[in-house]
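For reference, the structure discussed in these notes is given below.
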Amino acid sequence: MITHTPGHRRRLGRTLTLGLALATVVTTTTTAASAGPPRTSTPDFGPHVTIFDPSMPISEIQATLDARHAAQVDDEMGTGRYAYLFKPGTYGTDERPLQVKVGYYTEISGLGASPTDVVINGKVEAYNRCLTEGGTGNCIALVNFWRTLSNLSIRINAAGQDDCRASANFWAVSQAVSMRRLDISGGGLSLMDYCTAGPQYASGGFIADSRLPATTNGSQQQWLTRNSEVESWSNGVWNQVFAGVVGAPDDAGFPDPPYTTLDTTPLSREKPYLFVDGKGRYQVRVPAAQRNSRGVTWAGGTTPGRTIPIRDFFVAKPSDPVHVINRALARGQHLLLTPGVYDIARSIRVKRPNTVVLGIGHATLTAVGGSVPLDVAGVPGVVVAGVTIDAGRTESPALLRVGRRHGINASTSRNPITLSDVYFRVGGPHIGRTDTALEVNSDHVLIDHTWVWRGDHGVEGFTEGVNGDTDRWRTNTGRYGAVINGDHVTATGLFVEHFQRHNTVWNGEHGTTVLYQNELPYDPPTQADWMNGDVAGWAGYKVGDRVRHHTLHGGGVYVFNQNNPSIRTENGFEVPVTPGVRLHHIMTVNLSAGTIDHVVNGVGEPADMDRVGAPVYVTRYPAP
């Protein structure tokens, strides 16, 4: 097992923030279909969506994607958002493969009804990012966020690459990056980049509904693989979780190796996807919810679910006023958010059952004037997917609210409200302020992969001092990351970081989490700023005192008190002591500063300066 050497997880990435130069943006336009009858019109997805078809010269496609990567590879806090969509067919040849590198805010997706309808003969990759010395030093994957790869097949072809690069398809990423509906063959998949000054640290990530070759996890600190097939899996650092994965490794030896394996996923629903049917018409497939599921949804044909024609969507651009969007939703239309940054001064309101809100190209909603950018009623079947939500300069009560705290919530177990690849940011590209990022009040909600992030680095509101960023504690403010008040809420891939009180508060009954990852805030100035009454610090995962049934599989809370290494946190996890609240395979770890005294409720040794980089595990709580 590759271990994490002493040092923190992400401070190296902060070296780029003060002098960040935003790359020149290459504008692209939607390209209409050009291959074969019948010809149908391509929807107007705006200037930042490019659609390829197999008749295009591979040199043209390669040049377009290379230019976008060059513009986006360092544009961590930029405003460009892009989607590159491939019509059914094969791209690349044995002699001239298509080799794609994916940068920030870039989506690479196939437009087939099945992942096997679009074949990339080549590679689709993300490498370590080099942050210093003119792009040759400090090469890591810790800040490789915000990119998407989905709904296609990769037949690995490394022609023209050197021996190291030819050894695998590299996907060295961290949070807010998803791989969905992939069929990868012809070589190995590596979730770390061992060629660029490697191996180096990485802290992602998420795979779902995919068929994978031999996979090297390597230096990834935590990872969730859900409802997939894998030929083999090797390595891992602290917290590797598998749910419903054919070929997943056994977890009997936990924590060596640090695997947590569930034979099936308790509740799942795959993310909606855009596709082109046999008549050239654009449609959105909305997969059905599944219980106790295993393996990919497309092995036997079309993924179970429903198909919605694109004409039933309001295709929004960043220039569209919110009242126009809300009027379309009130008429019963679904919402497709094209790539860009949307300033939201009043809530987008989703009130009708079974409404789909689908973002492509990392469409981003930014709160203006203290708004709640997205407000979802507690009605059955609403799906929100592929959307990033940013806090604004005026404090918002929440960034996404699902249901009403004391209202009528009518979501159902058979048709839950679903959030897929929904990401949150408080600070980073600009100052942000919110009380709570994600507030879930409705029952029967599925959270399928989210990163709820209060920025630990950024381009504004971060003043360098001898002890790190000394002003962001009162500038970029977020009290709670995720607050779950509804009953029967399930989270598969819950990543929440750096909030100023409890990062996650779970008040609802019968909640289930499959993989939880948390870093406590880096920046409390003093212990007095980091007190919960008489208790030292705020647990990273708090289950409400009145809750009687709750389950967590695979959880980690990390500490790096950069501003003040003397700060203590009493417990990484706090839960009621009752037989119905069960935690499996949880841990704390010190990344180089500060102390967590116990893993859970006074149980577990300290994660302190004597154990830097060495996790403290509790296999089961309460103990049998």
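Could we say that Val557 is closer than 15 Å to Pro521 by Cβ, crowded, with 22+ Cβ neighbours inside 10 Å and not assigned by TED's automatic domain parsing to the domain that holds His488 here?
On the way: closer than 15 Å to Pro521 by Cβ: yes; crowded, with 22+ Cβ neighbours inside 10 Å: yes; not assigned by TED's automatic domain parsing to the domain that holds His488: yes.
Yes.
Let me confirm something: among Asn601, Asn590, which residue is within 19 Å of Arg548 (Cα to Cα), crowded, with 18+ Cβ neighbours inside 10 Å and not hydrophobic (A, V, I, L, M, F, W, C)? Lay out the reasoning, then the answer.
On the way: Asn590 fails: within 19 Å of Arg548 (Cα to Cα).
Among Asn601, Asn590, only Asn601 is within 19 Å of Arg548 (Cα to Cα), crowded, with 18+ Cβ neighbours inside 10 Å and not hydrophobic (A, V, I, L, M, F, W, C).
Identify, by number, the condition in (1) closer than 29 Å to Leu149 by Cβ; (2) modelled with pLDDT of 95 or more that Asp456 doesn't meet.
With (1) closer than 29 Å to Leu149 by Cβ; (2) modelled with pLDDT of 95 or more applied to Asp456, the lone miss is (2).
Among the candidates Gly300, Gly332, which residue alone is among the small types (Gly, Ala, Ser) and at pLDDT below 95?
Working: Gly332 fails: at pLDDT below 95.
Being among the small types (Gly, Ala, Ser) and at pLDDT below 95 holds for just one of Gly300, Gly332, which is Gly300.
Which one of these is within 24 Å of Phe275 (Cβ to Cβ) and touching a Pro at 6+ places or on another chain (Cβ under 7 Å): Leu111, Leu85, Leu65, Leu98? Show your work before the answer.
Numbers: Leu85 fails: touching a Pro at 6+ places or on another chain (Cβ under 7 Å); Leu65 fails: touching a Pro at 6+ places or on another chain (Cβ under 7 Å); Leu98 fails: touching a Pro at 6+ places or on another chain (Cβ under 7 Å).
On inspection, the qualifying residue turns out to be Leu111.
If Thr338 satisfies all but one of (1) within 28 Å of Leu212 (Cα to Cα); (2) within 25 Å of the chain's Cα centre (by Cα), what's the number of the condition it fails?
Here Thr338 meets the rest and fails (1).
From Ile154, Ile140, Ile184, grab the single residue that is β-branched (Val, Ile, Thr) and touching a Pro at 6+ places or on another chain (Cβ under 6 Å). Break it down into steps so the answer makes sense when it comes.
Working: Ile154 fails: touching a Pro at 6+ places or on another chain (Cβ under 6 Å); Ile140 fails: touching a Pro at 6+ places or on another chain (Cβ under 6 Å).
When all the criteria are applied, what remains is Ile184.
Looking only at the range 522-554, how many residues end up being crowded, with 24+ Cβ neighbours inside 10 Å and of a type in the set (S, T, N, Q)?
Residues flagged as crowded, with 24+ Cβ neighbours inside 10 Å and of a type in the set (S, T, N, Q) within the range 522-554 amount to 0.
So, in the range 137-179, exactly how many residues are in contact with a His (Cβ under 9 Å, 6 or more places away or on another chain) and either part of a strand (DSSP E or B) or farther than 19 Å from Pro339 by Cα (or both)? Please lay out each step first, then the result.
Of the residues in the range 137-179, the ones in contact with a His (Cβ under 9 Å, 6 or more places away or on another chain) are 143, 146-148, 176, 178.
Among the residues that remain, those that are also either part of a strand (DSSP E or B) or farther than 19 Å from Pro339 by Cα (or both) are: 143, 147-148, 178.
Here the count works out to 4.
Of all strands (runs of 3 or more DSSP E) completely enclosed by the range 1-111, which ones contain at least 3 residues that are surrounded by 15 or more Cβ atoms within 10 Å (Cβ to Cβ), modelled with pLDDT of 95 or more and among the β-branched types (Val, Ile, Thr)?
Working: elements: 49-52, 82-86, 89-91, 98-101, 106-110.
Result: 49-52.
Looking at Asp545, Asp534, which is the one that is among the acidic types (Asp, Glu), touching a Pro at 6+ places or on another chain (Cβ under 7 Å) and either farther than 20 Å from Pro615 by Cα or not assigned by TED's automatic domain parsing to the domain that holds Tyr617 (or both)? Can you show your working first?
Values: Asp534 fails: touching a Pro at 6+ places or on another chain (Cβ under 7 Å).
After applying the criteria, what remains is Asp545.
Can you tell me how many residues in the range 528-544 are under 29 Å from the mean Cα position of the chain (by Cα) and among the small types (Gly, Ala, Ser)?
Qualifying residue count for the region: 4.
Within the range 316-344, how many residues are over 20 Å from Pro287 (Cα atoms), of a type in the set (A, V, I, L, M, F, W, C) and surrounded by 15 or more Cβ atoms within 10 Å (Cβ to Cβ)? Let's see the steps before the verdict.
Quick first cut of the range 316-344, residues over 20 Å from Pro287 (Cα atoms) only: 316-331, 338-344.
From the residues that got through so far, the ones that are of a type in the set (A, V, I, L, M, F, W, C) too are 316, 322, 324-325, 328-330, 341, 344.
In the following step, the residues that additionally are surrounded by 15 or more Cβ atoms within 10 Å (Cβ to Cβ) were identified as 316, 322, 325, 328-329, 341, 344.
Here the count works out to 7.
Can you confirm whether Pro579 is surrounded by fewer than 19 Cβ atoms within 10 Å (Cβ to Cβ) and within 30 Å of His488 (Cα to Cα)? Show your work before the answer.
Details: surrounded by fewer than 19 Cβ atoms within 10 Å (Cβ to Cβ): yes; within 30 Å of His488 (Cα to Cα): yes.
Against the criterion (surrounded by fewer than 19 Cβ atoms within 10 Å (Cβ to Cβ) and within 30 Å of His488 (Cα to Cα)), Pro579 qualifies.
Which one is farthest from Gly427 (Cα to Cα), of the residues in the range 491-509 that are among the polar types (S, T, N, Q) and buried (at least 24 other Cβ atoms within 10 Å of the Cβ)?
Of the residues in the range 491-509, the ones among the polar types (S, T, N, Q) are 492, 500, 503-504, 507.
From the residues that got through so far, the ones that are buried (at least 24 other Cβ atoms within 10 Å of the Cβ) too are 492, 503-504.
On the way: Thr492: 25, Asn503: 15, Thr504: 18 Å.
That would be Thr492.
Does any residue of the range 248-264 turn out to be assigned to a loop (DSSP other than H, G, I, E, B), in contact with a Phe, Trp or Tyr (Cβ under 9 Å, 6 or more places away or on another chain) and under 26 Å from Ile156 (Cβ atoms)?
yes
Among the residues of the range 305-314, is any under 22 Å from the mean Cα position of the chain (by Cα) and either modelled with pLDDT of 95 or more or acidic (Asp, Glu) (or both)? Before you say what the answer is, go through the steps one by one.
First pass over the range 305-314, keeping only residues under 22 Å from the mean Cα position of the chain (by Cα): none.
Checked against the condition, which is being under 22 Å from the mean Cα position of the chain (by Cα) and either modelled with pLDDT of 95 or more or acidic (Asp, Glu) (or both), the range 305-314 yields no hits at all.
The values are calculated or read from the model by the stated rules, or taken from the named source; none is laboratory data. Computed from a prediction, not measured in an experiment: that's the story for all the values here. Every residue, glycine as well, gets a Cβ built from its backbone with ideal geometry; the counts of neighbours run over all protein chains shown.
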